[in-house]
Amino acid sequence: MLGLKLPTDPRWVNIAEKNIDEILIDHAHCELKAASTANSLIMSFPEYSELVTEMVSIVKEEMSHFKMVHERLLNRGIKLGRDRKDLYVHDLLTFFPKGGSRTTQLVHRLLYAALIEARSCERFRLLSENIDDKELAKFYRDLMVSEANHYVLFLKFAREFGDRNEVDRKWDDLLEYEAELMKNLGTSESIHG
């Protein structure tokens, strides 16, 4: 369903489980960034009323996810700490050229968001199916469903606002690019790394 061209290296789950506190810290920051992305889409494209309505819901949902992750950190006696650079997202965001029409910019941002949500969904599935901590496994299973819904929504909007054939071509090209990025990732204790 996700369309990812390269699955996560299975060794990532072992790294993640051995460093679950670091995963939770990174995850908390990812939720903040996801809320920020949705908020930024509202601020940048307020004329798209349906998009604004859905992004308001996503901001609320992502912040509730942040709260849940943060509570798990506090229960473990861990402070959130400062954010670390997400090399996956940093490199991913270099794929499309800057500029273009407002519609093109919107479509590109929606495609990036869809892909980040898809990869997060895949990682959450791996955690839900492979970690020994049953409470965290269930937590990640529940979040996996939410990430899948966000992925579908962002991709739907990209296809609605742009030319469907062109959007699908760009989406496929972005998936190929992301697969190349993933060849060098999967070895760190982060959600995307």
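The values are calculated or read from the model by the stated rules, or taken from the named source; none is laboratory data. This structure is a prediction, so every number in the text was calculated from the model and none was measured. We place every Cβ from the backbone using ideal geometry, glycine too, and count neighbours over all the protein chains shown.
Among the residues of the stretch 140-154, those identified as over 16 Å from A28 (Cα atoms) and buried (at least 22 other Cβ atoms within 10 Å of the Cβ) are H150, Y151, F154. Return the residues of the stretch 110-139 that are within 20 Å of I20 (Cα to Cα), surrounded by fewer than 23 Cβ atoms within 10 Å (Cβ to Cβ) and of a type in the set (S, T, Y); say none if nothing qualifies. Matches in the stretch 110-139: S128 only.
Under the condition of being over 21 Å from the mean Cα position of the chain (by Cα), at negative phi and surrounded by 12 or more Cβ atoms within 10 Å (Cβ to Cβ), the residues counted in the stretch 74-101 number 1.
Yes or no, residue by residue, for (1) in contact with a Cys (Cβ under 9 Å, 6 or more places away or on another chain); (2) at pLDDT 95 or above; (3) charged (D, E, K, R); (4) farther than 17 Å from L2 by Cα:
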site: H90; (1), (2), (3), (4): no, no, no, yes
site: E117; (1), (2), (3), (4): no, yes, yes, no
site: L153; (1), (2), (3), (4): no, yes, no, no
site: F157; (1), (2), (3), (4): no, yes, no, no
site: W171; (1), (2), (3), (4): no, yes, no, no
site: M182; (1), (2), (3), (4): no, no, no, no
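Just the residues that are in contact (Cβ under 8 Å) with a residue 40 or more places away in the chain, in a helix (DSSP H, G or I) and among the hydrophobic types (A, V, I, L, M, F, W, C), please, taken from the stretch 120-146. Scanning the stretch 120-146 gives C121, L126, L127, L136, F139, L143.
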